[in-house]
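Here is the structure we will look at, set down as structure tokens.
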Amino acid sequence: MAARRLTLLAAAGLAAGAAAGYLLLPAGGGTIAATSTTAAATTTTTLLWASARETRIGPAVVVPTGLQMEGDRVLFTYDLSPISPTAALASPDRPPEDPATASPASFTLTYPGGTVSARALGPGQRAGRFEVPDGIGPAEVEAITIDSYWVPVPAGYEIDLSPTSGAWVPAAPGVRARIAQVVDQAENYLVIVELDSEPLLAEDLGIAGKGREWQASSHAMSPGTRWTLDFRGDTLPDPVRLTVRGVAWIEVPGGGPVDLQGVPR
């Protein structure tokens, strides 16, 4: 499994409480006493983590870096920075660590007379590619909006896969799994499990057998995302119980407009 250092950050919420007067009515009647309140004026300052042009996506910010043509498509590039104490100290000579605490998933590009949508290839990517009509290039881009983004969550799932039917089964958010092949050897069975997902969503997941009959698992990136599991029991069960662990990516709506002022085109 491709190694990736990921920092799973919980977003800190700030609650502002306002004092209010209340009425007390003594038992048996009497006068009503009321407390008075004084409103205190407060000011807030928006914290910038990486750039004045950043767009917040959960526990990270997106900073646009360029617009250019890639063949007949408009290529939108950007940097990612996490929101954390170390990220606040980042500089060009000291880039932030773990930039994939959140990552854009989908975009909308607006040009004169229309819009077009695009999806990032996967978490941690740094570009969106838009199929635009003839005559539309970076100079005609009026706006780009982040419509949704991925956030990482710990994965710990148990799934049942049939070694005979090869049926696909949900394995994690946006990821499914099946047993593609079983190799019956003299002292063991090799069970080939295939993971299928949107590009890159399964890169941070591992799969293994559940039970002491399963000895080891190994990962191969080609073809597709495949795991070879070693079963040392007498008879391979149907279905087999497997565990999926690592990091899963959940897509959530939100993001907002990207500040394109001053972005190279």
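Taking the range 218-260 only, how many residues are acidic (D, E) and not in a strand (DSSP E or B)?
Adding up the residues that qualify gives 3.
With the checklist (1) charged (D, E, K, R); (2) within 26 Å of the chain's Cα centre (by Cα); (3) modelled with pLDDT of 95 or more in hand, flag the one item R241 doesn't pass.
(2)
Kindly indicate whether any position in the range 216-232 is out of contact with any Pro (no Cβ under 8 Å at 6 or more places or on another chain) and at positive phi.
yes
Can you find even one residue in the range 194-204 that is over 18 Å from T243 (Cβ atoms) and modelled with pLDDT of 95 or more?
no
Every residue, every condition in (1) surrounded by fewer than 14 Cβ atoms within 10 Å (Cβ to Cβ); (2) of a type in the set (V, I, T); (3) more than 25 Å from V151 (Cα to Cα), yes or no:
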{"residue": "V169", "(1), (2), (3)": "no, yes, no"}
{"residue": "A177", "(1), (2), (3)": "no, no, no"}
{"residue": "N188", "(1), (2), (3)": "no, no, yes"}
{"residue": "L201", "(1), (2), (3)": "no, no, no"}
{"residue": "V244", "(1), (2), (3)": "no, yes, no"}
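Tell me the residue from D160, D259 that is within 24 Å of A60 (Cβ to Cβ) and at pLDDT 95 or above, please.
D259
Filter the range 136-167 for residues that are within 18 Å of the chain's Cα centre (by Cα) and among the hydrophobic types (A, V, I, L, M, F, W, C); which is surrounded by the fewest Cβ atoms within 10 Å (Cβ to Cβ)?
Among them, the one singled out is V153.
The values are calculated or read from the model by the stated rules, or taken from the named source; none is laboratory data. Keep in mind that what you see is a predicted model, and the values were worked out from it rather than measured. Note that we place each Cβ from the backbone using ideal geometry, even for glycine, and neighbour counts take in every protein chain shown.
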